[in-house]
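Report on one structure; see the data block that follows.
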Amino acid sequence: MAQKPSIPKGTRDFSPLEVQRRQYIMNTIKRHFELYGFMPIETPSFENSDTLMGKYGEEGDRLIFKILNSGEYLKKADVNLLETGKENQLTSQISEKALRYDLTVPFARYVVQNQNDITFPFKRFQMQNVWRADRPQKGRFREFTQCDADVVGSDSLLQEVELIQLYDAVFTDLKLNGCTIKINNRKVLAGIAEVMGAEDRLIDFTVALDKLDKIGKEKVQEEMRSKGIDQEAIDVLDPVFSLTGSYADKIASMKELLKDSTIGLQGIEELEFINSFIDNSSLKSAALDLDITLARGLNYYTGCIFEVAAPDGVKMGSIGGGGRYDDLTGIFGLKNVSGVGISFGLDRIYLVIEQLELFPDSVRAGVEVLFINFGATEARYCAGLLSRFRESGIKTELYPDSAKMKKQMSYADRNEIPYVILAGEDEIASGKLNLKNMRTGEQSLLTVQEVIDRLS
RNA sequence: GUGGUCGUAGCUCAGUUGGUUAGAGCGCUGGUUUGUGGUGCCGGAAGUCGCGGGUUCGAAUCCCGUCUUCCACCCCA
């Protein structure tokens, strides 16, 4: 019985057109990565579990795809752990490898492992797939492609400035106007928690605050109360709920709120510095927006954090994100190496560009000319010409079978091949080719060289 | 991980309160007097109605399970 063909949940096949369009986006991103001085690296699809586990928070760990050990993995495992509720320990006994969840953590691992060969500051870019055991939705897949650029070994805020400009340059080049680059700083969030006297509730507090634009002030306060943050602390937070105005206005209000928090003020200073380099007029198509409610779940961020929202009217989660991580390499044993990076979500950018119909027609690049096959003799004659065409850089194809004319013409039409060459008995005798323009229907009898000149 | 939703030919879907050999459009394929595509006309192939159980004389239709899709949480690209 025939097996029903299928692919796993949250994965996709890509058609020729889709691949060409993905490559168009990737080539654009890559070009700008290189212009900004980033060098490519690649890392394995899977890592040792302990490289990945514990870097993304509890939620992230749950979404990491684990790879079952080979061989008699069950015989070596202590099954009793399941009954005593120590499932995590059992998991680590039967699974020692996992698919990478992002590109940042493997990169940190790479940096530490190759530190002797790396000259700092090290700027690398990486465009590879990552996997998350999430429940799929639109724009949300279990296998997707991230395009990351990171710098490690410099704590200069100029890196943040450059990365913002890099975002803008890429989106401008993709004609994706109106993206919003949201920025915040973990130090500011820590400062707010400090001022509230809720340092120990930092995570609960940021998770709740993050939902402000979604569920509103009342609900956010309610959630904070339910997490055990007292009313007095929530009242302190009040100015944050009503922040308005420009980047500079928000900075001014926050400065006042955080006047007693060293770390908070430090965060504000960083944001101020960045804004002094990038007022919105210096960005070509994107807008930089200070969003104090931006939290981001990834545990390793310590300074500035970024998230990119698609243009208004497009319903899509963030199409990019990133931030500064001061001690990610420290986890692997290399201290005092600060890093900062951004990520482009290829799959979501694709969906946004598709929805806005911004893919250039030129992306579709197939065969340029098809030789019609009239039979064995004629085909042999045409076959001799193919390499001449190809050497001239013309994408050329000879129909493989001497099928009916209608079928061959229809093939050219379907594949949007712009020219067809008819070389039958008469043409061969005259030493010329009959070139047909499929768009206009016009036909002309030309020499081989004339045809090549016209097409190349 | 929680709650909901969808699943019928390659694709988009119809299928009345469970009742004979399950339909349409598009696509595919063949023909339309044989060297010309995109629109015409005529014919053809193709579905164990997601999968597995159950109820029934009888199930695409009702029930349970499972997988998949999409959505809201959660989280994120």
Number of the condition not met by A:Gly313 [criteria: (1) without any contact (Cβ under 8 Å) to a residue 24 or more places away in the chain; (2) surrounded by fewer than 17 Cβ atoms within 10 Å (Cβ to Cβ); (3) more than 30 Å from A:Gln355 (Cβ to Cβ)]: (3)
Hits in region A:143-198 - residues which are among the polar types (S, T, N, Q) and within 26 Å of A:Thr43 (Cβ to Cβ): A:Thr145, A:Gln146, A:Ser154, A:Ser156, A:Gln159
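Within region A:157-164, identify whether any single residue is more than 22 Å from A:Leu346 (Cβ to Cβ) and out of contact with any helix residue (DSSP H, G or I) (no Cβ under 9 Å at 6 or more places or on another chain), and answer yes or no.
Looking only at region A:157-164, we keep the residues that are more than 22 Å from A:Leu346 (Cβ to Cβ), and these are A:157-161.
In the following step, the residues that additionally are out of contact with any helix residue (DSSP H, G or I) (no Cβ under 9 Å at 6 or more places or on another chain) were identified as A:159.
Checking region A:157-164: at least one residue is more than 22 Å from A:Leu346 (Cβ to Cβ) and out of contact with any helix residue (DSSP H, G or I) (no Cβ under 9 Å at 6 or more places or on another chain).
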Residue match in region A:108-123 (condition: within 16 Å of RNA strand B (Cβ to nearest atom) and in contact (Cβ under 8 Å) with a residue 12 or more places away in the chain): yes
Enumeration of residues in region A:286-310 that are surrounded by 17 or more Cβ atoms within 10 Å (Cβ to Cβ), under 18 Å from A:Phe344 (Cβ atoms) and among the small types (Gly, Ala, Ser): A:Ala286, A:Ala309, A:Ala310
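Being touching a Gly at 6+ places or on another chain (Cβ under 9 Å) and surrounded by 14 or more Cβ atoms within 10 Å (Cβ to Cβ), is that true of even one residue in region A:398-408?
If we filter region A:398-408 for residues that are touching a Gly at 6+ places or on another chain (Cβ under 9 Å), which is where we start, we get A:402.
Now drop any that are not surrounded by 14 or more Cβ atoms within 10 Å (Cβ to Cβ), which leaves A:402.
Yes.
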Lone qualifier among A:Val363, A:Val451, A:Val352 - being surrounded by 13 or more Cβ atoms within 10 Å (Cβ to Cβ), of a type in the set (A, V, I, L, M, F, W, C) and assigned by the TED database to the domain that holds A:Glu143: A:Val352
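Looking only at helices (runs of 4 or more DSSP H) that fall completely inside region A:225-286, which ones have 3 or more residues that are in contact with an Asp or Glu (Cβ under 9 Å, 6 or more places away or on another chain)?
On the way: elements: A:231-236, A:238-241, A:247-257, A:262-277.
Those helices (runs of 4 or more DSSP H) span A:247-257, A:262-277.
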Elements of type helices (runs of 4 or more DSSP H) in region A:339-456, at least 2 residues being free of Cβ contacts under 8 Å to residues at least 24 places away in the same chain and more than 14 Å from RNA strand B (Cβ to nearest atom): A:376-391, A:448-455
Given (1) in contact with a helix residue (DSSP H, G or I) (Cβ under 7 Å, 6 or more places away or on another chain); (2) of a type in the set (Phe, Trp, Tyr); (3) farther than 18 Å from A:Leu346 by Cα, index of the condition A:Tyr110 fails: (1)
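The values are calculated or read from the model by the stated rules, or taken from the named source; none is laboratory data. Since the model is a prediction, treat every value here as computed from it, not as a measurement. Positions of Cβ are generated from backbone atoms using ideal geometry, with glycine treated the same way; all protein chains shown enter the neighbour counts.
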